[in-house]
Every structure is written in structure tokens, then in C-alpha cells.
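Step one of this worksheet: look at the structure below.
The values are calculated or read from the model by the stated rules, or taken from the named source; none is laboratory data. Note that the structure is a prediction, hence the values are computed from the model and not measured. Positions of Cβ are generated from backbone atoms using ideal geometry, with glycine treated the same way; all protein chains shown enter the neighbour counts.
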Amino acid sequence: MTTSSEAGRRPRAADRRPRVVLFDVFETMLQVDALGARFVDVGRPAHEWELFFTRTLRDGMALTLAGAAPPFGEVARAALRTTTGHTLSDEALDHVLAGFAHLPPHPDVEPALVALAHARVPTYAFTHGSAKTACDALDRAGLRTYLRGVHSAEAIGSFKPPARVYDWVCGQVDSPLDRTGLVAVHSWDVHGAVRAGLVGALATRLEGRVPAVVEPPHVSATRVDTAVERLLALPA
């Protein structure tokens, strides 16, 4: 009998060096905790950024499961209202949300992108946030110069991690699923990519270790740059 967990499973990609690499953006490349200062600016505690961001992801995924998700900005705005008890003005909401375009980079990301550039592996950012916001943030962080492009699952009304988002982005970058790598600090993102047939690289600096309930990534390491080194060390 086929179980529900087996029904959506595709053949696992071989342990091979990818020809194209996708990078998750928020928390993988950019420090979302920097939003805490904007919460303080509007009279809220800095730690609320984490509940807000987690709620945004949860709601976006739930809406995706229900059929289609609104744009990230709309989901985030609703989550921010809920998190702050519906106490903020529209101007205050705008101030917090504008922070997504001003997030600083994680220090382990640029070395990873440099290594991929030296290896001549085309690299793209892949988010379910606004592509424009991601582009602006990556420009300010000095990281966009290493990227061939920035793609967002907003274009198909979805958050990660359903298989269709990875199918779609691989079509956008013209790369076979099993020769495309995904680098992220979210195990659920890498899990979705691996189940869709991509090569997964998990940096565990956010979660501490690979959770037992997800598909094992092809490579993992604490830091993003080390995870990419291990990805590049896979046989061609």
C-alpha cells in the first residue's frame, strides 16, 4: 500500500555536483532579525520580528495548500497586524515592512557566492517574497552582482515548498531538476526541493541540525559557505 508520504515522492537526485544553484533569500542570504530595530521604532518589542516572520511563512504556506497564496507583501502585512495586536497605523506597518529591502547579508554568504562564481556555476536567488524587494535588498547587501537573476514563486501564486515551485523555477533557469541545487537554512525548503528531485544543500546555522522528519539533504554544514564547498565537491 502506498502511504501519503510516498505519494508525492519523486526519484531522489544522484549525489552529483549541480550545474545551476538556487539560493533562498530571507534568513539564508539576508539577516531577517534586523527587522527587530524597526519594531522598536514603532513602539513594539524587538523580539516580535520572529513571531511575525514565522506567522507570515505559516500563513503563506497554508494559503498555498488551500489553493493559491496572495503576494508575500499582503500576507506579511496581515501577519504584522495580527502579531502587533492591530495597534499599528498604516504608516507604522509600512515602516516595518520596508525593512525587508534593507536587510544586511549573512557573512557566510558572499564567500559561498564567490566559490560558485570561481567554479563557473550559474547562481540565482529564489524566494517566495517580492522579487523587487529581494533585488533591492540584495543590491544594497552587495550580493546581487554574483547572481544571474532573482526569481519569486509569487509569479505562480505560491509559497514554497510544493514541488510545482521548484518545477517552475528550474524552467525559468533552464536547468534539469536533478542538475539543479538549492541552498537554504530552512530544512522545509531543502526538503521540498529534494522531494521535487533537486540536489539539496542545508546550512544548519538556523536550526542547529538536520531534523529527523525531513528528507536528508545531499550535503549539509553549519555555514552556508561550507555547505556550498561540499556541494561543489560532489562528483560531476
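Of all the residues that make up the stretch 188-212, how many are under 18 Å from GLN31 (Cα atoms) and under 15 Å from the mean Cα position of the chain (by Cα)?
Result for the stretch 188-212: 7.
Within the stretch 80-179, which helices (runs of 4 or more DSSP H) (wholly inside it) include 3 or more residues that are in the same structural domain as PHE39 (by TED's automatic domain parsing)?
90-98
Taking the condition touching a Gly at 6+ places or on another chain (Cβ under 8 Å) and crowded, with 20+ Cβ neighbours inside 10 Å, does PHE26 pass?
Spelling it out, PHE26 is indeed touching a Gly at 6+ places or on another chain (Cβ under 8 Å) and crowded, with 20+ Cβ neighbours inside 10 Å.
Which of the residues belonging to the stretch 5-45 are more than 17 Å from PRO107 (Cβ to Cβ) and either touching an Asp or Glu at 6+ places or on another chain (Cβ under 6 Å) or part of a strand (DSSP E or B) (or both)?
Scanning the stretch 5-45 gives ALA13, VAL20, VAL21, LEU22, PHE39.
What is the number of the single condition among (1) buried (at least 23 other Cβ atoms within 10 Å of the Cβ); (2) among the aromatic types (Phe, Trp, Tyr); (3) within 22 Å of ARG19 (Cα to Cα) that PHE159 does not meet?
Looking at each condition in turn, PHE159 falls short on (3).
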